[in-house]
Amino acid sequence: MDRVRELARTKAAVIFTKSSCCMCHSIKSLFYDLGASPAVYELDREAKGREMESALQRLGCNPTIPAVFIGGEYVGSAKDVLGAHLNGSLRELLIQAKAIWF
């Protein structure tokens, strides 16, 4: 769990994904479209991916992927991120965390 917490703090925006997940791809694309360059950790390609996924569950990430962290704080899954984007708060979170500049 410590590794996941540490990775979540490595950059202003961090996304834990799986390479085969279409919602993960959509969330990554959204961040890129907004001008952010998140750190992306694909759990199915990480040596300790299963352990990391279990740690995300223990941290309250449900579903575990995509798990989005902005400014070191858990924002939520795809549903939460898309909701934040639609109400305009995602961009503000990214700006406050210095993941994008305007």
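Does the range 1-51 come out rounded, prolate or oblate by the C-alpha gyration tensor, with a ≥ b ≥ c the root eigenvalues, rounded set by a/c under 1.5 and, if not, prolate when a/b is larger than b/c and oblate if not? It comes out oblate by the Cα gyration axes. Electrostatic bookkeeping for Arg9 treats Lys and Arg as +1 and Asp and Glu as -1; over the other residues with beta carbon under 12 Å from its beta carbon, the sum is 0.
Mind sorting out which of (1) -0.23, -0.33, -0.52; (2) -0.45, -0.57, -0.71; (3) -0.41, -0.56, -0.77 is the real log10 I(q)/I(0) by the Debye sum over Cα atoms at q = 0.10, 0.12, 0.15 Å⁻¹ computed from the coordinates? Here the calculated entry is (1). A Cβ-based charge dipole, computed about the Cα centre of the range 22-102 with Lys and Arg at +1 and Asp and Glu at -1, lands at about 40 debye. Enumerate lysine pairs in the chain that are 8 or more residues apart or on different chains, then count those whose Cα atoms are under 14 Å apart. Final tally of qualifying lysine pairs is 4. Left without a cysteine partner by the 4.7 Å Cβ rule in the chain: Cys22, Cys61. The Glu73 and Ala47 beta-carbon pair, evaluated with R₀ = 35 Å, returns a calculated FRET efficiency of approximately 0.85.
Each value in this text was obtained by applying a stated rule to the coordinates, not by laboratory testing. It should be emphasised that the depicted structure is a prediction, and the values quoted were computed from it without experimental measurement. Here the Cβ is made from the backbone with ideal geometry for all residues, glycine too, and neighbour counts use every protein chain on show.
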